[in-house]
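Q: There's a structure below that I have some questions on.
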Amino acid sequence: MKVPDGWTEAGGALEREFRFRDFREALDFVNRVGELAEAEDHHPDVAIHWNRVTLRWWTHARDAITERDVELAARTNELV
C-alpha cells in the first residue's frame, strides 16, 4: 500500500498535520474534510489547534489502515 504524499503511518493510522494562516482557515479545512467524510460515510479522527489540523484516517471496524483510508487521505490532500 502506497502512503499518499505528506502522510505517515503512525499508531495504525495514516496521519498528517496541516498548517494554515489562522484558526478560520483551519476550521474551513476541517469543514471540507467533514463534507468528504459524510459523503463517504467514513470519518477520520480530527484534532484542531488554532492554525494546525491533525487528521488520522483508519478503519475502526478493522483496527487497521485499508485501501479506503489511503484513497481518502489522497483526496484530503486535494482539499487544501
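Values in this text are rule-based calculations from the coordinates and carry no lab data. Only a predicted model underlies this, so the values are computations on that prediction, with no experimental measurement involved. Ideal geometry is used to build each Cβ from the backbone, glycine not excepted, and the neighbour counts take in all protein chains shown.
Q: At a threshold of 8 angstrom on Cα-Cα distance, excluding pairs fewer than six apart, so keeping six or more, what relative contact order does the stretch 1-71 reach in percent? Could you put the intermediate results ahead of the total?
A: Working: 98 pairs, mean separation 26.4, N = 71.
Relative contact order for the stretch 1-71 comes out at 37 percent.
Q: Okay, moving on. Nothing charged except the Cβ atoms of Lys and Arg (+1) and of Asp and Glu (-1): what's the magnitude of the dipole of the chain about its Cα centre? Round to the nearest 20 debye.
A: Numbers: 11 positive and 17 negative charges, 53 e Å.
With only Lys, Arg, Asp and Glu charged at Cβ, the dipole is about 260 debye.
Q: State the Kirkwood hydrodynamic radius of the chain in Å, one decimal place, computed from all pairs of distinct Cα atoms. Walk me through the intermediate numbers first.
A: Numbers: mean 1/r = 0.0797 Å⁻¹.
After inverting the mean inverse Cα-Cα distance, the result is 12.6 Å.
Q: To the nearest 500 deg cm²/dmol, what mean residue ellipticity at 222 nm is calculated for the chain from DSSP H runs of n ≥ 4 alone, each contributing -39,500 (n - 2.57), summed and divided by the residues? It would help to have the intermediate numbers written out before the result.
A: Details: 2 runs with 29 residues, N = 80.
About -12000 deg cm²/dmol.
Q: Compute the angle between helix 67-77 and the longest alpha-carbon principal axis of the chain, please, reported from 0 to 90 degrees and rounded to the nearest 10.
A: Long axis of 67-77 versus the principal axis of the chain: about 20 degrees.
Q: Place +1 on the Cβ of every Lys and Arg and -1 on the Cβ of every Asp and Glu in the chain, take the dipole about the Cα centre, and give the residue among Trp50, Met1, Ala13 whose Cα lies farthest towards its positive end.
A: Trp50
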